[in-house]
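Taking it in order: structure first as structure tokens, then the write-up.
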Amino acid sequence: MNRQQIDALVKKMNVDTAQGPVDERIQQIIVRLLGDLFQAIEDLDIQPSEVWKGLEYFTDAGQANELGLLAAGLGLEHYLDLRADEADAKAGITGGTPRTIEGPLYVAGAPETVGFARMDDGSESDKIDTLIIEGIVRDADGQIIENAKVEVWHANSLGNYSFFDKSQSEFNLRRTILTDAQGQYVALTTMPVGYGCPPEGTTQAVLNKLGRHGNRPSHVHYFVSAPGFRKLTTQFNIEGDQYLWDDFAFATRDGLVATAVDVIDPAEIQRRGLDKPFKHITFNIELVKEAASAPSTEVDRRRAVA
């Protein structure tokens, strides 16, 4: 079939058969995607067994709860960020901390504090370096933003996330910090470790077919929001990790690379209330004001709730 015949067939099957109310947006998307899929089947001579194996794959990936991981691994989530960047540029929005992917591992409802939070439960204090992350949230004019909501989450020393890893305590390495009167947030935590896709999982199975690895560098996730400002979804990746610029999820971007500095000065260790050297990362955040001319930065998607 040629494209004209394909489009006529799709319309006959999925438009002309309508007998009730139609969601025109859903219809529009399905008709377009089916047309493109049928055209790909023609162009690539995709065989029936290949079609059904593909459907079986999506069934398995859904049952394994890996579709969010697959979206990151194939670059779909990064592509959405690039489109959002273009939309901002068209709306005249400039500046601000760069956005990058959310990933599939956020959990709503983390404990909330003002200014400072300890994120870890102490179970790995003797296994991995202590880390202090701090920064100031400002607007594009350099003015501090008090009471900005800074949601932070990251992996433990094994590259696992609480809630999804049932061996960890509730909300381990997850906190919400409201900036103080100086616009500052401080998180006392442990050094995150990068992780790989489950080696026997559905995402890695596809990556294997593409000759790709499924590893992420050490990183820390953020949601940052404040009234009147565009919500920021971002993360920083940590300098020195072997996968820093080879992130399977394509999340490393200029402006989102942080350096962990070793702090060994006894006076500074004591001032921080610690009893051993630690690592320190500064990650300042710049929010941009909301603009009616630009698409919302709030993404409606299913997220875990503890």
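The values are calculated or read from the model by the stated rules, or taken from the named source; none is laboratory data. Owing to the predicted nature of the structure, the values given are computational and were not obtained by experimental measurement. These area figures cover heavy atoms from the full protein model, side chains too; ligands, DNA and RNA do not enter into them. Shrake-Rupley method; radii C 1.70, N 1.55, O 1.52, S 1.80 Å.
Observations on the structure shown:
- Dividing the convex hull volume of the alpha carbon atoms of the chain by its residue count gives 172 Å³ per residue.
- Accessible carbon and sulfur surface of the chain relative to its total accessible area, %, 1.4 Å: 53
- The residues of the range 1-137 present an accessible area of 63 Å² per residue when probed at 1.4 Å with all protein chains retained.
- Taking amide hydrogens as placed 1.01 Å from N in the peptide plane, the amide H of residue 158 sits under 5 Å from that of no residue at least 5 positions away in sequence or on another chain.
- Gyration tensor verdict on the range 168-301 (Cα atoms; rounded if a/c is under 1.5, prolate if a/b is larger than b/c, oblate otherwise): oblate
- The helix-only estimate of mean residue ellipticity at 222 nm for the chain, built from DSSP H runs of length n ≥ 4 each weighted as -39500 (n - 2.57), is -8500 deg cm²/dmol after division by the residue total.
- Added length on full extension, which subtracts the Cα-Cα distance from 0.36 nm per residue, residue 55 to residue 301: 86.3 nm
- Alpha-carbon centroid distance for the pair the range 140-204 / the range 236-266, whole angstrom: 15
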